[in-house]
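K.L.:
Here it is, the structure in full.
The values are calculated or read from the model by the stated rules, or taken from the named source; none is laboratory data. These numbers come from a predicted model, not from an experiment. Note: ideal-geometry Cβ built from the backbone for every residue, glycine included; neighbour counts use all protein chains shown.
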Amino acid sequence: MLTPNGGVALGPRNALHELRAYFGWALVFSAGVNILYLSPTLYMMQVYDRVVPTSGVTTLALVSIVAAVALAVLSLLDWLRARVLLKAGLRIERSLAREILSRVIDAPDGQARKQAMREFDHVRAAVSGQAATALFDLPWTPLYLEHFPISLHHIRRRRSSSGILGGRRSG
């Protein structure tokens with residue numbers, strides 16, 4: 001079966017196999033995004049650990065530049081991941097739309113036709129939308145659940161020790 005652009009249409013089983021390359025790149029970009037999501041936390045830890053005790057303006061400037069670059073790269077990787085997933089959705093639509101449409105046209109019930117096209121649209125939206133992004137972010141959840149309490153403890157410890165050791169008495 002030929003697609004409108006002259007390529008061979010894939011069957012439903014082969015269509016998901018064709019998306020493996022797109023999902024592989026999305027997984028790579030998700031790894032980068034999720035690692036870089038730690039940059040604001042690490043930035044604050046460095047500020048409290050290195051800048052506050054020494055009042056180092058140069059250190060603050062350098063750490064801020066590194067954090068800004070990390071956030072810019074995070075934005076770029078997140079955009080690339082969204083583009084790859086969008087292309088995956090377009091690919092599945094290009095591969096299956098013609099076959100599904102021909103089956104829908106041959107279906108006797110008009111309501112079943114509408115429902116089949118809606119369901120195909122939902123599948124395409126799930127492959128290229130926020131659901132796929134959430135699935136690629138899911139393996140990183142344990143890292144954040146482990147890292148967040150540690151960083152909070154570190155910040156609280158720094159605040160309390162600087163308050164005890166460096167605080168002034170009024171009066």
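K.L.:
I'd like to verify a number: residues in the stretch 38-53 that are surrounded by 15 or more Cβ atoms within 10 Å (Cβ to Cβ), under 17 Å from the mean Cα position of the chain (by Cα) and free of Cβ contacts under 8 Å to residues at least 40 places away in the same chain, how many?
P.N.:
Adding up the residues that qualify gives 1.
K.L.:
Continuing with the same structure: Is it the case that Ala68 is free of Cβ contacts under 8 Å to residues at least 24 places away in the same chain, within 30 Å of Ala125 (Cα to Cα), within 22 Å of the chain's Cα centre (by Cα) and part of a helix (DSSP H, G or I)?
P.N.:
Criteria not met by Ala68.
K.L.:
Same structure again: With the condition kept exactly as written, say whether any residue in the stretch 94-117 is hydrophobic (A, V, I, L, M, F, W, C), out of contact with any Lys or Arg (no Cβ under 6 Å at 6 or more places or on another chain) and at pLDDT 90 or above.
P.N.:
Within the stretch 94-117 (the criterion being hydrophobic (A, V, I, L, M, F, W, C), out of contact with any Lys or Arg (no Cβ under 6 Å at 6 or more places or on another chain) and at pLDDT 90 or above), the answer is no, since none of the residues qualifies.
K.L.:
So which residues in the stretch 33-65 are part of a helix (DSSP H, G or I), of a type in the set (Ser, Thr, Tyr) and touching a helix residue (DSSP H, G or I) at 6+ places or on another chain (Cβ under 8 Å)?
P.N.:
Ser39, Thr41, Tyr43, Tyr48, Thr59, Ser64
K.L.:
Can Ala26 be described as closer than 22 Å to Arg83 by Cβ, modelled with pLDDT of 90 or more and either touching a Leu at 6+ places or on another chain (Cβ under 8 Å) or not in a helix (DSSP H, G or I) (or both)?
P.N.:
The answer is yes for Ala26.
K.L.:
Can you tell me which residue in the stretch 71-90 is farthest from Leu135 (Cα to Cα), limited to those that are without any contact (Cβ under 8 Å) to a residue 24 or more places away in the chain and not hydrophobic (A, V, I, L, M, F, W, C)?
P.N.:
Checking each candidate, the answer is Ser75.
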